[in-house]
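Novice: Supplied in structure tokens, the structure appears directly below.
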Amino acid sequence: MAAEPLLKIENLVKHFHVRLGAFGERAATVHALDDVSLDIVEGETLSLVGESGCGKSTTGFTILNLHRATSGKVLYKGQDLTALDEKRMRRFRRDLQIVFQDPYSTLNPRMTVGEASGEPILFHNLAPKAELEAKVAALLTDVGLPPRFASRYPHELSGGQRQRVAIARALACQPKFIVCDEAISALDVSIQAQIINLLLDLQEKYRLTYLFIAHDLAVVRHISTRVGVMYLGRLAELASRDALFETPLHPYTKALLSAVPETDPEHERSRKRQILEGDVPSPLAPPSGCRFHTRCPIAMEVCRRVVPKWKEARPGHLVACHAVNGE
Ligand SMILES: Nc1ncnc2c1ncn2[C@@H]1O[C@H](COP(=O)(O)OP(=O)(O)OP(=O)(O)O)[C@@H](O)[C@H]1O
Ligand code: SF4
Ligand SMILES: [Mg+2]
């Protein structure tokens with residue numbers, strides 16, 4: 001890839017140590033994220049998809065150092081973020097923001113929209129107090145809300161308007177990178193489209209880079225530059241949006257995409273749906289070798305024993321599968 005990546009994620013691992021049993025008598029490890037490596041390029045939208053519990057949110061949280069990595073690196077401006085304590089992390093926090101599915105989790109019900117949007121400006125000393133009102137008005141305009149909304153409280157807003165305030169709050173820090181963790185998933189379809197357009201407009205205006213986490217593959221296809229597919233804590237495939245949707249290489253990606261209805265009724269009638277057998281195995285005891293081998297329709301003997309290498313099958317198209325040859 002020609003451009004220097006904004007973020008370089010190297011062999012990132014996040015294990016959660018939990019206690020099981022009625023009295024918490026058994027210690028266990030959740031393998032939420034294992035050996036994930038990827039570059040995130042400035043100005044792109046990199047989406048992460050995969051079934052519930054495959055580690056998408058954990059990836060976002062660990063990149064932002066909101067979860068401490070078990071091992072691996074997250075390089076940003078030459079600095080490994082995983083090595084920083086919260087105090088030294090503070091100067092990077094401004095650049096790296098997150099927007100959640102539920103804006104209620106980020107918006108204090110007792111703060112007005114103006115206070116919520118202005119708080120990061122004051123916290124990071126981005127403008128003197130005298131200029132705050134004008135800054136907040138500009139932010140609200142940026143996210144498509146009239147500046148008079150500054151005096152309203154979150155409960156007086158619709159779901160879409162609340163999500164706009166959450167975006168304004170993230171934007172207040174003049175960030176470089178935003179993790180959108182299911183940021184549109186709870187909204188009505190018509191409102192989703194508006195928020196997607198807003199995110200795309202803001203990306204262009206401020207050259208933002210997004211890590212976009214979503215389960216709606218049609219939305220992912222619309223918004224993404226590249227797409228990563230995760231399975232049980234590992235990356236299975238990563239490619240440009242078109243390569244991934246048109247020529248998926250990994251059996252799991254193929255199964256995942258085959259569940260998406262075609263918009264063209266002709267194609268829809270002729271297409272083969274591939275049903276994945278069985279449940280996703282537990283991340284407490286992930287399968288040996290390729291984690292997908294218990295459900296893969298073409299699994300071979302080697303798949304049970306050997307973890308497939310993360311390799312470039314075609315230029316810019318990475319995959320972890322024994323059945324796919326590297327370049
Ligand atoms: N704080 C935690 N403590 C223990 N286990 C956790 C914690 N957070 C996540 N996990 C586990 O880590 C795994 C990955 O979870 P994660 O939330 O990243 O998945 P996800 O892909 O975002 O799923 P979803 O689509 O449901 O949001 C899951 O098995 C989850 O139960
Ligand atoms: S490595 Fe083996 S089990 Fe895993 S996806 Fe490829 S063929 Fe299937
Ligand atoms: Mg999640």
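The values are calculated or read from the model by the stated rules, or taken from the named source; none is laboratory data. Please read these numbers as outputs of a predicted model, since none were measured by experiment. Quick reminder, even Gly has a Cβ in these numbers, built from the backbone with ideal geometry, and neighbours come from all protein chains shown. For accessibility, only protein heavy atoms count, side chains too; no ligands or nucleic acids. Shrake-Rupley method; radii C 1.70, N 1.55, O 1.52, S 1.80 Å.
Novice: Hey, Ala127 hits all of (1) within 20 Å of Gly43 (Cβ to Cβ); (2) outside any helix (DSSP H, G or I) but one; which does it fall short on?
Specialist: (1)
Novice: Of the residues Gly278, Gly316, which single one is more than 7 Å from ligand 2 (Cβ to nearest atom), among the small types (Gly, Ala, Ser) and modelled with pLDDT under 95?
Specialist: Checking each option against the conditions leaves just Gly278.
Novice: What are the residues in the range 62-81 that are open to solvent by less than 40 Å² (accessible area, probe 1.4 Å) and without any contact (Cβ under 8 Å) to a residue 40 or more places away in the chain, if any?
Specialist: At the first step, the residues of the range 62-81 found to be open to solvent by less than 40 Å² (accessible area, probe 1.4 Å) are 62-65, 69, 72, 74, 76, 80-81.
Result: Asn65, Asp80, Leu81.
Novice: What number of residues in the range 102-114 are farther than 19 Å from Asp142 by Cα and buried (at least 19 other Cβ atoms within 10 Å of the Cβ)?
Specialist: Selection size over the range 102-114: 0.
Novice: While we're here: For the range 183-208, how many residues meet the condition of being within 15 Å of the chain's Cα centre (by Cα) and at pLDDT 95 or above? Give the steps one after another, and end with the answer.
Specialist: Filtering the range 183-208 down to residues within 15 Å of the chain's Cα centre (by Cα) leaves 183-185, 196, 199, 208.
Now restrict to residues that are at pLDDT 95 or above: 196, 199, 208.
Result for the range 183-208: 3.
Novice: Would you confirm whether any residue within the range 69-84 is closer than 30 Å to Lys309 by Cβ, in a loop (DSSP other than H, G, I, E, B) and modelled with pLDDT of 95 or more?
Specialist: Applying the first criterion (closer than 30 Å to Lys309 by Cβ) to the range 69-84 yields 69-83.
If we keep only those that are in a loop (DSSP other than H, G, I, E, B) as well, we get 69-70, 77-78.
Among the residues that remain, those that are also modelled with pLDDT of 95 or more are: 69-70.
Yes.
Novice: If you scan the range 220-248, which residues turn out to be assigned to a loop (DSSP other than H, G, I, E, B) and either free of Cβ contacts under 8 Å to residues at least 60 places away in the same chain or away from ligand 1 (no atom under 16 Å from the Cβ) (or both)? Even if it seems obvious, please write down each step before you answer.
Specialist: So the first thing to find is which residues in the range 220-248 are assigned to a loop (DSSP other than H, G, I, E, B), and the list is 224-225, 232-233, 247-248.
Within the range 220-248, Ser224, Thr225, Thr247, Pro248 qualify.
Novice: Would you be able to say whether some residue in the range 50-61 is open to solvent by less than 20 Å² (accessible area, probe 1.4 Å) and farther than 21 Å from Leu232 by Cβ?
Specialist: no
Novice: Out of (1) at pLDDT 95 or above; (2) within 15 Å of ligand 2 (Cβ to nearest atom); (3) within 21 Å of Leu217 (Cβ to Cβ); (4) assigned to a helix (DSSP H, G or I), what's the single condition that is false for Leu257?
Specialist: (1)
Novice: Could you say whether any residue in the range 196-218 is open to solvent by less than 50 Å² (accessible area, probe 1.4 Å) and touching a Phe, Trp or Tyr at 6+ places or on another chain (Cβ under 6 Å)?
Specialist: yes
Novice: What's the total number of residues in the range 5-49 that are open to solvent by 20 Å² or more (accessible area, probe 1.4 Å), among the acidic types (Asp, Glu) and at negative phi?
Specialist: So the answer is 4.
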